[in-house]
Amino acid sequence: MADKVFVTGAGIISALGIGKEATLEALLNGESGIGKITHIQTEHEEFPVGEVALSNAEMSRMLNVGYPIDGLRTVLMGIIAAKEAVESAGLTEKELRKAAFISGTTVGGMDKTERHFKTVFDSNVETDDSLELKYNDCGYSTELIADNIGKFNLITTTSTACSSAANAIIFGANLIKAGVTDIAVVGGSEALTKFHLNGFNTLMILDKKNCRPFDKERMGINLGEGAAYIILESENSVKARGASILGELRGYANTCDTFHQTATSKNGEGAYLAMRKAMDMAHLCPQDIDYINAHGTGTPNNDETELAAMQRIWDYELPKFSSTKAFTGHTTSASGSIEAVICLLALQHGFLPKNLGWHNPMKEDAIPVIDDVDNSNVKNIINNSFGFGGNDSTLIFSKFIKENG
């Protein structure tokens, strides 16, 4: 059974740009990708969002793909991010044949479904539009992404709302620890859709201004989209391939507080248990955590309960923390892997992401990262992803220090 799980590759696309370099530059410069809606035909233009700047046609040309992929934004973004991850890890076709591919998504091909559903609904007979609805299935998106990356030994999908990609990472790590595979391509992809926009608007948790996580005057979410994947490997595989290590996935946990369909419990029980159990797996105490990349959606409920959970653990002094959703928007099912890549960039390049939009403390002793911070001594980072239904996941990424000899 494998003990350690290492990260050897990463790929990302979001409102911050295409690839790790563009993402890093935007983070270092404090440049948010949130702006006016461009790619969705909707009357709700009052809500700012974090859209990927490319149209479906532009991504299709970049990837040299056609129907049906050209109509599935989740798939297009997923291919771009997964390709970067695989290439950065230097994986060969032969190595991919023994690997697992695990992708998290909740809307799948909903963007295509939206374009055909009314015609199907209004028709009494099967039409060409009816056939387009099959692409709605989350697993279909995963299969299409995988088909454009390589041949895999195992392909599966996780769908747990906003913790989907984080749970894909956990699933991949468990497969490695159980000896099922030595390599796993894990993460998630999620396109912004009218379904998203109208659903969150119905919940009355969208902000008409740029979101302000952990600010006393926070009003809600800016939705976003994107994809990110990381390559997980066993220690034996890393040694055999001579692979470069970006970091170690040292601990993780998934919990459920079963409190409410959308809200979290006031004391943040699920978030508290996820962080505690992840630290227990990593054999770390609270003082060992140097930074928390919080779920931090900017809603009154989430930020209050996540902060409550953090203060239950770090009652003496909170570690440095911030939410990067003011950069990317809330990318829902993809957020766990997008923020995992951001955490890995922080470990590698010696910085902590700022909490954009923050002005007023919720509590005097709970001030997020708002200025440039020296990250040279940061070794252990918590990455939180919390989904509807209280499905809460925590990942711990640690800096890899090569042993002498």
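The values are calculated or read from the model by the stated rules, or taken from the named source; none is laboratory data. Every value quoted in this text rests on a predicted model; they were computed, and no experiment measured them. Because the Cβ atoms are built from the backbone with ideal geometry, glycine has one as well, and the counts that use them run over all protein chains shown. Just so you know, the surface numbers come from the protein's heavy atoms only, side chains and all, with ligands and any DNA or RNA stripped out. Shrake-Rupley method; radii C 1.70, N 1.55, O 1.52, S 1.80 Å.
Things to note:
- When Thr106, Thr113, Thr119, Thr156 are checked against the criterion of being at pLDDT 95 or above and out of contact with any Lys or Arg (no Cβ under 6 Å at 6 or more places or on another chain), a single residue qualifies: Thr156.
- Scanning the stretch 234-292 for residues that are at pLDDT below 95, more than 18 Å from the chain's Cα centre (by Cα) and of a type in the set (Gly, Ala, Ser) yields Ala263, Ser265, Gly268, Gly270.
- For Lys239, the stated conditions hold: it is assigned to a helix (DSSP H, G or I), among the basic types (Lys, Arg) and open to solvent by 20 Å² or more (accessible area, probe 1.4 Å).
- Residue in the stretch 355-365 that is open to solvent by less than 10 Å² (accessible area, probe 1.4 Å), of a type outside the set (Ser, Thr, Tyr), in contact with a strand residue (DSSP E or B) (Cβ under 8 Å, 6 or more places away or on another chain) and at positive phi present: no
- Among residues of the stretch 1-17 being of a type outside the set (Gly, Ala, Ser) and within 15 Å of the chain's Cα centre (by Cα), the one that is surrounded by the fewest Cβ atoms within 10 Å (Cβ to Cβ) is Leu16.
Conditions (1) open to solvent by less than 50 Å² (accessible area, probe 1.4 Å); (2) hydrophobic (A, V, I, L, M, F, W, C); (3) farther than 12 Å from Asp392 by Cα, marked per residue:
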{"residue": "Met279", "(1), (2), (3)": "yes, yes, yes"}
{"residue": "Ile289", "(1), (2), (3)": "yes, yes, yes"}
{"residue": "His295", "(1), (2), (3)": "yes, no, no"}
{"residue": "Pro300", "(1), (2), (3)": "no, no, yes"}
{"residue": "Asp303", "(1), (2), (3)": "yes, no, yes"}
{"residue": "Glu306", "(1), (2), (3)": "yes, no, no"}
{"residue": "Gln311", "(1), (2), (3)": "yes, no, yes"}
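- Checked against (1) open to solvent by 40 Å² or more (accessible area, probe 1.4 Å); (2) free of Cβ contacts under 8 Å to residues at least 40 places away in the same chain, Gly199 passes all but condition (1).
- Cβ separations smaller than 9 Å between residues 6+ apart or across chains give the following pairs from the stretch 44-55 residues that are in contact (Cβ under 8 Å) with a residue 12 or more places away in the chain and farther than 21 Å from Ser335 by Cβ to residues that are part of a loop (DSSP other than H, G, I, E, B) and open to solvent by 20 Å² or more (accessible area, probe 1.4 Å): Glu46/Lys208; Ser55/Thr38; Ser55/His39.
- Verdict on Thr305 being among the polar types (S, T, N, Q) and closer than 20 Å to Glu25 by Cβ: no
- Selection status of Asp215, among the charged types (D, E, K, R) and at pLDDT below 95: no
Condition check ((1) without any contact (Cβ under 8 Å) to a residue 60 or more places away in the chain; (2) farther than 26 Å from Ala161 by Cα; (3) β-branched (Val, Ile, Thr)) across all residues:
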| position | (1), (2), (3) |
| --- | --- |
| Pro353 | no, no, no |
| Asn360 | no, yes, no |
| Lys363 | yes, yes, no |
| Ala366 | no, yes, no |
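- If you go through the stretch 160-212 and keep only what is modelled with pLDDT of 95 or more and of a type in the set (Phe, Trp, Tyr), you end up with just Phe171.
- Put simply, of Asp128, Asp137 the only residue that is open to solvent by 20 Å² or more (accessible area, probe 1.4 Å) and either of a type in the set (Phe, Trp, Tyr) or more than 30 Å from Phe386 (Cβ to Cβ) (or both) is Asp128.
- Selection count, the stretch 371-385, where residues are in contact (Cβ under 8 Å) with a residue 40 or more places away in the chain and open to solvent by 40 Å² or more (accessible area, probe 1.4 Å): 2
- Restricting attention to the stretch 150-170, the residues that are surrounded by fewer than 20 Cβ atoms within 10 Å (Cβ to Cβ) and hydrophobic (A, V, I, L, M, F, W, C) total 3.
- Only helices (runs of 4 or more DSSP H) whose full extent lies in the stretch 22-123 are considered here, and the ones with at least 3 residues that are surrounded by fewer than 17 Cβ atoms within 10 Å (Cβ to Cβ) are 56-63, 110-122.
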